[in-house]
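The block underneath contains the structure these notes are about, expressed in structure tokens.
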Amino acid sequence: MPGLVSVKTPPDAPAPRISLPDASPRSDPAPNPNPIQAHAPTPPKPASPLPKKPPSPSPSRSKFSPRKPPPESPGSAAGAGAGVPPDASLDNPDLGPFLLKLARDTIASGDGPAKALDYAIRASKSFERCAADGEPSLDLAMSLHVLAAIYCSLGRFEEAVPALERAIQVPEPGRGPDHALASFSGYMQLGDTFSMLGLVDRSIGCYEQGLKIQIEALGETDPRVGETCRYLAEAHVQAMQFDKAEELSKKTLEIHRAHSEPASLEEAADRRLMALICEAKGDYESALEHLVLASMAMIANGQDNEVAAIDVSIGNIYLSLCRFDEAVFSYQKALTVFKSSKGDSHPSVASVYVRLADLYHRTGKLRESKSYCENALRIYSKPVPGTTTEEIACGLTEISAIYESVDEPEEALKLLQKAMKLLEDKPGQQSTIAGIEARMGVMFYMIGRYEEARNSFENAVTKLRASGERKSAFFGVVLNQMGLACVQLFKIDEAAELFEEARSILEQECGPCHQDTLGVYSNLAATYDAMGRVEDAIEILEYVLKLREEKLGIANPDFEDEKGRLAELLKEAGRSRNRKAKSLENLIDPNSKRTKKEGTKRWPGLGFRI
């Protein structure tokens, strides 16, 4: 049975390139459809568990039975090598494999993908015409995979999607392992393409379907299933769906521990991913445990650079736990290794400088913090060959956060603008750019440039909606920030809509007692009061006060502020406080048609919470 292997992209993989399926019959029973290393699979690379860029699309590794090319005649286009037969001759069953070979040869000769694209289109048409009625053609599926890969290499990802959607309809997994492999490869490649388009939800859906097919073909405990589980877990991490990512990562770890030697590279990679997920969920002790075990495995395998990378992650955990001395030790240990193995100007060195700058900023040593920031910026301004734009953009974004913290928003803005310029033409970076634009919106808001802040937030919201992240807590926070910018521009109706949407998302993702959710409640109540919807504002504040009294305690200074605001509204409405809190779903009537009062009395500063 041919193996179904995860389409695993190393984090430090080079730019996507075309890698076409081999036309010769394969004796290997377990082909590897790795998108970057399709011809020469490499050992698993124990790099950072979270890719710095989304997986790159790749051709399928499904098999097909090559046919002999037609005999060359002196007057034929094939014999001259100067063209291909006209469409009318595509009914010849020998032309499909021949045209596909021409596409491969064109890529190999360096003539460029444009000519190869024409050959691949004609090959797929030939396979389509020659397919027997009612019989699925794996040759057709494979040619469509290759066609999609060429589209992706040209940056035409939207055109690759229909080809792959047609390709996954061809195989029937129930017919045997070859069909299962073709179907699995198609779904994984389609997921990669959606990822490059920033369509995270659709990407994950394709990966889940591919995993399902793989499990049906190989069983739940096959090592290759573990690789796909880890790949899917990484996609969930990128989508900030940490619970699902944790479940898949645990399954991956169990599979690899059952099939690999103790302290294997596979187990180390799994533990690094688990540590990342635990850190994101605030479980720092568990994250530290996984990182220590991963470091031990890397030491046992002689992977010094990977040990240094794990030391940086360990330093991050110590920093989160306020164990600053231990964090400094971990960072300095990693810095020594990176300098000796990669040189003083490598981006890995710059990344450690950034972490040290953040640490010294948190401990109040601002001079040391600024010095490390400047050292990192010098490296990023003159990157060594091989440095990716994603690495530079990530570093600039992190440094901007430090400048923001020391009250230098103008300098932070410049760094964010540089980072966004580096990424704006890169496929698959929509979510990252959205995050940068949201940060820029915050900077503009802080310095009073509210129109620019609103525009930045609007751009971020548009990209997050398109990428399928409209249900994340981050999306809710961005909506809240955009609403605040609208308030400053006196666009109260628009602000109310944004706060309402943010409230529904944060209630679902964070719960009603979370600080972000409470802030949106307060902002929405203030907005309703400004619109003349006093009863709605009163109901929200009564609910918030009840939450604080019964679940959160009244020591928070916001409690007295909200209590005073509620008393003012009740006095205006001629009522006393209703101690019977209503159920949350009845708090707000989105279809309320109360008349707006232009001269409604407002609280000082409208009571908005940033």
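The values are calculated or read from the model by the stated rules, or taken from the named source; none is laboratory data. Keep in mind that this is a model prediction, so the values were computed, not measured. Methodologically, a virtual Cβ is constructed for each residue, glycine included, from the backbone with ideal geometry; neighbour enumeration extends over all protein chains shown. Areas reflect the complete protein model, heavy atoms only, side chains present, ligands, DNA and RNA absent. Shrake-Rupley method; radii C 1.70, N 1.55, O 1.52, S 1.80 Å.
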Which one of these does residue 426 not meet: (1) charged (D, E, K, R); (2) touching a helix residue (DSSP H, G or I) at 6+ places or on another chain (Cβ under 8 Å); (3) under 26 Å from residue 462 (Cβ atoms); (4) part of a helix (DSSP H, G or I)?
(4)
Within region 326-336, identify whether any single residue is surrounded by 16 or more Cβ atoms within 10 Å (Cβ to Cβ), within 24 Å of residue 298 (Cα to Cα), of a type outside the set (Asp, Glu) and within 27 Å of the chain's Cα centre (by Cα), and answer yes or no.
yes
In this structure, does residue 239 turn out to be small (Gly, Ala, Ser) and either touching a His at 6+ places or on another chain (Cβ under 6 Å) or buried (at least 22 other Cβ atoms within 10 Å of the Cβ) (or both)?
no
Candidate set from region 465-480 (those that are assigned to a helix (DSSP H, G or I) and buried (at least 22 other Cβ atoms within 10 Å of the Cβ)); member that is nearest to the chain's Cα centre (by Cα):
475
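Being within 32 Å of the chain's Cα centre (by Cα) and open to solvent by less than 50 Å² (accessible area, probe 1.4 Å) is true for just one of 117, 95. Which residue is that? Full working, then the answer.
Values: 95 fails: within 32 Å of the chain's Cα centre (by Cα).
Being within 32 Å of the chain's Cα centre (by Cα) and open to solvent by less than 50 Å² (accessible area, probe 1.4 Å) holds for just one of 117, 95, which is 117.
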Can you find a residue that is closer than 24 Å to residue 429 by Cβ and touching a Cys at 6+ places or on another chain (Cβ under 6 Å) anywhere in region 142-149?
no
Output for Cβ contacts, cut-off 7 Å, separation at least six or different chains, first residue on the phi > 0 side of the Ramachandran plot in region 230-245, second surrounded by fewer than 22 Cβ atoms within 10 Å (Cβ to Cβ), reads 240/472; 240/474
Being open to solvent by 10 Å² or more (accessible area, probe 1.4 Å), among the aliphatic types (A, V, I, L, M) and either at pLDDT below 95 or under 17 Å from residue 429 (Cα atoms) (or both), is that true of even one residue in region 179-188?
no
Would you say residue 319 is open to solvent by less than 40 Å² (accessible area, probe 1.4 Å), in contact (Cβ under 8 Å) with a residue 40 or more places away in the chain and not acidic (Asp, Glu)?
yes
Residue 139: passes all of (1) outside any loop (DSSP other than H, G, I, E, B); (2) of a type in the set (D, E, K, R); (3) surrounded by fewer than 24 Cβ atoms within 10 Å (Cβ to Cβ) but (3)
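Here is a list: 289, 208, 266. Which entry is outside any loop (DSSP other than H, G, I, E, B), touching a helix residue (DSSP H, G or I) at 6+ places or on another chain (Cβ under 7 Å), open to solvent by 40 Å² or more (accessible area, probe 1.4 Å) and modelled with pLDDT of 95 or more? Walk me through how you get there before you give the answer.
Numbers: 289 fails: touching a helix residue (DSSP H, G or I) at 6+ places or on another chain (Cβ under 7 Å); 266 fails: modelled with pLDDT of 95 or more.
Going through 289, 208, 266 in turn, just one is outside any loop (DSSP other than H, G, I, E, B), touching a helix residue (DSSP H, G or I) at 6+ places or on another chain (Cβ under 7 Å), open to solvent by 40 Å² or more (accessible area, probe 1.4 Å) and modelled with pLDDT of 95 or more: 208.
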Filter region 489-527 down to the residues that are modelled with pLDDT of 90 or more and among the aromatic types (Phe, Trp, Tyr) and list them by number.
490, 499
Subset tally (residues that are closer than 17 Å to residue 358 by Cβ and of a type in the set (D, E, K, R)) for region 392-420:
5
Residue 273 meets each of (1) within 22 Å of residue 474 (Cα to Cα); (2) open to solvent by 70 Å² or more (accessible area, probe 1.4 Å) with one exception, condition (2)
